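Peer 1: A single structure is presented below for examination.
None of the figures in this text is laboratory data; all of them are computed from the coordinates on show. Here the structure is a predicted model, which means the values were calculated and not measured. All Cβ positions, glycine included, derive from the backbone under ideal geometry; neighbour counts span all protein chains shown.
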Amino acid sequence: MVTIKDIAKRAGVSFSTVSKALLGNPNIKAVTKERIWEIAREMGYQPNIAARSLVSRKSGAIGIIWPTVERGALSSLITKLNDELERRGYTTLLSISRTDAAIESFNRYRMDAVLLFGDHSGNRDELSGIGSMQSPLLVYGAAGSHPFSTVDVNRGQAIRLAVRHLAELGHSRIAYLGRPDGDDPMQTVKIEAFLDEARKLGLCVSDESILRMEGLETHDGYIAAEAMFGWPSPPTAVISGGVDLTRGIYRAARERGLRVPEDLSVVSYDNIPLMEDLDVSTTAVGVSVHAIASVIAEALHKLIEMSDEQLTIALEPEIVVRSSSTRLQ
């Protein structure tokens, strides 16, 4: 097993310097930290979290309670977030268990901080164990007000950007695909913004313009798009609630011989690199995963250093125009 002493010998520095660098001590120069971490990775060093906790009262580990391993956008975000946290000297531990079970585990391992994704935070029953959390907590994507630190995206503004973009291209019959069964506050915000912005612009939309579906996966998008294409007067443009739904739209369009954007303009929520690699390079709205990951990592670090502080951070979206949307002919 590789030890801190082994790394110190290879790096030509003291045991203390290596220990502080691996713990993210701000008194160690960034270039020195990076070099020590690079050597540690090359040597296959695995930190002993329990031992580290006893010495420093910090584990150097951050727990992440993640709702699902299936969503494309979340997968992209978690990968980038892990990179950002690793760059700051933290190890990440991931749990897809129920929130209360994850909290129990993370308390046992003495996490420096815990990140909870909003897909969990909407379930009040699952939040019952948060009072027992022994580490600073940050929630990403929590709709509404909460008594803990949050980072969130202005989803409503993202959808408004999509509506305006399509209206400027001459589209008036626009559908929104992204209304799952059940109560999902984060999706409700998008739907309300779609209807409000479209009506302000005098577009031909109604509650029927919003397609219902069982979930937010690719198959759900496919089934909803199939229904949409069967309308007497199908829309000339559609706004998708997420990348997985967009995949389903493209599949349904392809099977019907419809071309994007010639026959149907598409704008998708989820500003992730994957949007460039779909069937058609896709116009997207939202906050980039790089920006989200960077802000979350910095917020977690602040909470670790100042555990009594409560943070409320709202990120503003942008639109990235690509090939999937065009002017109505």
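Peer 1: Net charge around Arg155, counting only other residues with Cβ within less than 12 Å of its Cβ (Lys, Arg = +1; Asp, Glu = -1)? Walk me through the numbers on the way to the answer.
Peer 2: Values: positive: Arg160, Lys190; negative: Asp152, Asp184, Glu192, Asp270, Glu316.
Net charge around Arg155: -3.
Peer 1: So, one more: Which whole-number percent of Cα pairs in segment 4-46 have a distance greater than 14 Å? List each step's numbers first, then the result.
Peer 2: Values: 307 of 903 pairs.
Summing the P(r) tail past 14 Å for segment 4-46 gives 34 percent.
Peer 1: Shifting gears a bit: I need His219, His301 ordered by Cβ neighbour count within 10 Å, fewest first.
Peer 2: Working: His219 15, His301 20.
Least to most surrounded, the residues fall as His219, His301.
Peer 1: May I ask you to list the trypsin sites (Lys or Arg not before Pro) in segment 171-277 that are in a DSSP loop and have at most 15 other Cβ atoms within 10 Å of their Cβ? All intermediate terms of the calculation are to be shown ahead of the outcome.
Peer 2: On the way: sites: Arg173, Lys190, Arg199, Lys200, Arg212, Arg247, Arg251, Arg254, Arg256, Arg259; in loops: Arg173, Arg256, Arg259.
Qualifying residues, ordered by number: Arg256, Arg259.
Peer 1: Can you give the longest run of the chain that contains no GluC sites (Glu not before Pro) sitting in a DSSP loop with at most 13 other Cβ atoms inside 10 Å? Write out the running numbers ahead of the final one.
Peer 2: Working: sites that count: Glu70, Glu214, Glu262, Glu309.
Of all site-free stretches, the longest is 71-213.
Peer 1: Trypsin sites (Lys or Arg not before Pro), restricted to segment 270-327: which are DSSP loop and have at most 12 other Cβ atoms within 10 Å?
Peer 2: Numbers: sites: Lys302, Arg322, Arg327; in loops: Arg322, Arg327.
Filter output for segment 270-327: Arg327.
Peer 1: With each run of n ≥ 4 DSSP H residues scored as -39500 (n - 2.57), what mean residue ellipticity at 222 nm is computed for the chain after dividing by its residue count and rounding to the nearest 500 deg cm²/dmol? List each step's numbers first, then the result.
Peer 2: On the way: 12 runs with 141 residues, N = 329.
For the chain, the value works out to -13000 deg cm²/dmol.
Peer 1: Next up: How big is the chain by the Kirkwood estimate over distinct Cα pairs, in Å? Don't skip to the answer; put the middle values down first.
Peer 2: On the way: mean 1/r = 0.0464 Å⁻¹.
Evaluated over the chain, this radius sits at 21.6 Å.
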